[in-house]
Amino acid sequence: MRTKTIAANWKSNASLRESKLIVEEILRGSWSEDREVIIAAPYPYIPNLRSWLSESPIKVAAQDCSQFPQGAYTGEVSSDMLSDLGVEFVILGHSERRAYFKEGSEILSSKIKRALDAGLKIIYCVGETLEERNAGKYKEVVADQLKPTADYEALGPENLILAYEPVWAIGTGETASPEQAEEMHQAIRLVLSNMRETSFAKAVRVLYGGSVKPGNASELFSMYNIDGGLVGGASLVASDFIEIIRS
Ligand code: PGA
């Protein structure tokens with residue numbers, strides 16, 4: 001039985017004050033205990049989130065980590081620093097990192113290693129662009145993006161969550177239909193069972209991301225292979241996020 005998981009990806013949004021208000025409102029919400037809820041905050045707010053959420057089961061994630069260990073890498077945040085702050089998860093391979101910071105398989109494989117070494121759990125994102133979808137290459141692209149996760153035996157369903165996020169659906173208001181998303185989630189499990197083992201493919205959580213909102217979450221999350229969502233824009237509106245968690 002895979003745990004339904006809802007992760008907020010705040011990206012580089014919200015002031016510290018606004019973040020506190022969002023968290024306070026989320027904390028007033030209620031949902032069934034079988035949900036795992038995660039908030040991926042900007043680095044500087046992580047200690048605040050840890051403290052605001054100290055009495056809550058909501059977990060804190062970082063949105064990235066350095067591919068390097070601690071050392072002379074100005075501006076980088078190492079995985080050890082994150083784990084020092086009590087961060088449990090780190091998002092890796094988000095399409096915005098892939099597009100704006102040119103992160104490909106080699107860098108992502110190093111980041112996975114750093115995260116694993118620091119004991120962080122990984123939310124690893126994959127997803128095709130509209131061009132790739134229209135060219136009929138979407139399954140191939142996603143299969144290729146999944147490869148770095150096969151580099152490490154130590155990655156298992158207990159420390160890896162995947163997120164399928166079609167780039168054309170991120171922040172655009174356009175969502176993959178439940179059928180389109182389910183088709184990809186199924187394809188992802190097939191790739192994983194070939195790359196690893198069927199038991200791994202069956203047990204690992206695969207979240208959907210891309211314009212998830214209260215109005216489409218239930219339908220998406222009711223699909224057999226969709227285990228919840230990675231939510232950007234709607235996670236900054238506490239009432240919407242709560243509704244999505246309840247979906
Ligand atoms: P969105 O972002 O919900 O705003 O589309 C999702 C994501 O990028 O993780």
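Across the stretch 193-211, what is the number of residues that are in contact with a Phe, Trp or Tyr (Cβ under 8 Å, 6 or more places away or on another chain), within 15 Å of the ligand (Cβ to nearest atom) and open to solvent by 20 Å² or more (accessible area, probe 1.4 Å)?
Step one: of the stretch 193-211, the residues in contact with a Phe, Trp or Tyr (Cβ under 8 Å, 6 or more places away or on another chain) are 193, 206-210.
From what's left, within 15 Å of the ligand (Cβ to nearest atom): 206-210.
Then drop every residue that is not open to solvent by 20 Å² or more (accessible area, probe 1.4 Å), which leaves none.
Residues in the stretch 193-211 being in contact with a Phe, Trp or Tyr (Cβ under 8 Å, 6 or more places away or on another chain), within 15 Å of the ligand (Cβ to nearest atom) and open to solvent by 20 Å² or more (accessible area, probe 1.4 Å): 0 in total.
Would you confirm whether any residue within the stretch 51-60 is outside any loop (DSSP other than H, G, I, E, B) and either within 14 Å of Arg114 (Cβ to Cβ) or open to solvent by 80 Å² or more (accessible area, probe 1.4 Å) (or both)? Show your work before the answer.
In the first step, residues of the stretch 51-60 are kept if they are outside any loop (DSSP other than H, G, I, E, B); the result is 51-52, 59-60.
From what's left, either within 14 Å of Arg114 (Cβ to Cβ) or open to solvent by 80 Å² or more (accessible area, probe 1.4 Å) (or both): none.
No: the stretch 51-60 contains no residue that is outside any loop (DSSP other than H, G, I, E, B) and either within 14 Å of Arg114 (Cβ to Cβ) or open to solvent by 80 Å² or more (accessible area, probe 1.4 Å) (or both).
If the requirement is being out of contact with any helix residue (DSSP H, G or I) (no Cβ under 7 Å at 6 or more places or on another chain), surrounded by 23 or more Cβ atoms within 10 Å (Cβ to Cβ) and among the aliphatic types (A, V, I, L, M), which of these qualifies: Ala217, Ala163?
Details: Ala217 fails: out of contact with any helix residue (DSSP H, G or I) (no Cβ under 7 Å at 6 or more places or on another chain).
Among Ala217, Ala163, only Ala163 is out of contact with any helix residue (DSSP H, G or I) (no Cβ under 7 Å at 6 or more places or on another chain), surrounded by 23 or more Cβ atoms within 10 Å (Cβ to Cβ) and among the aliphatic types (A, V, I, L, M).
Which of the following residues is farther than 15 Å from Val126 by Cβ and free of Cβ contacts under 8 Å to residues at least 60 places away in the same chain: Gly215, Gly171, Gly232, Gly228? Steps first, please.
Values: Gly171 fails: free of Cβ contacts under 8 Å to residues at least 60 places away in the same chain; Gly232 fails: free of Cβ contacts under 8 Å to residues at least 60 places away in the same chain; Gly228 fails: free of Cβ contacts under 8 Å to residues at least 60 places away in the same chain.
Unique residue meeting the criteria: Gly215.
Being part of a strand (DSSP E or B) and either in contact with a Ser or Thr (Cβ under 8 Å, 6 or more places away or on another chain) or in contact (Cβ under 8 Å) with a residue 40 or more places away in the chain (or both) is true for just one of Ile107, Ile39. Which residue is that? Working first, answer last.
Numbers: Ile107 fails: part of a strand (DSSP E or B).
Within the list Ile107, Ile39, the selection yields Ile39.
Considering each of Val231, Val237 in turn, give the residue that is over 16 Å from Thr175 (Cβ atoms), of a type in the set (Val, Ile, Thr) and either within 11 Å of the ligand (Cβ to nearest atom) or surrounded by fewer than 18 Cβ atoms within 10 Å (Cβ to Cβ) (or both).
Details: Val231 fails: over 16 Å from Thr175 (Cβ atoms).
None of the others qualify; the one that does is Val237.
Within the stretch 212-227, can one find any residue that is assigned to a strand (DSSP E or B), among the hydrophobic types (A, V, I, L, M, F, W, C), modelled with pLDDT of 95 or more and within 12 Å of the ligand (Cβ to nearest atom)?
Restricting attention to the stretch 212-227, the residues satisfying the condition of being assigned to a strand (DSSP E or B) are none.
Checking the stretch 212-227: not a single residue is assigned to a strand (DSSP E or B), among the hydrophobic types (A, V, I, L, M, F, W, C), modelled with pLDDT of 95 or more and within 12 Å of the ligand (Cβ to nearest atom).
The values are calculated or read from the model by the stated rules, or taken from the named source; none is laboratory data. A quick note: this is a predicted structure, and the numbers were derived from the prediction, not measured. Every residue, glycine among them, receives a Cβ derived from its backbone with ideal geometry; neighbour counts consider all protein chains shown. Quick note on the areas: whole protein, heavy atoms, side chains included, nothing else; ligands and nucleic acids left out. Shrake-Rupley method; radii C 1.70, N 1.55, O 1.52, S 1.80 Å.
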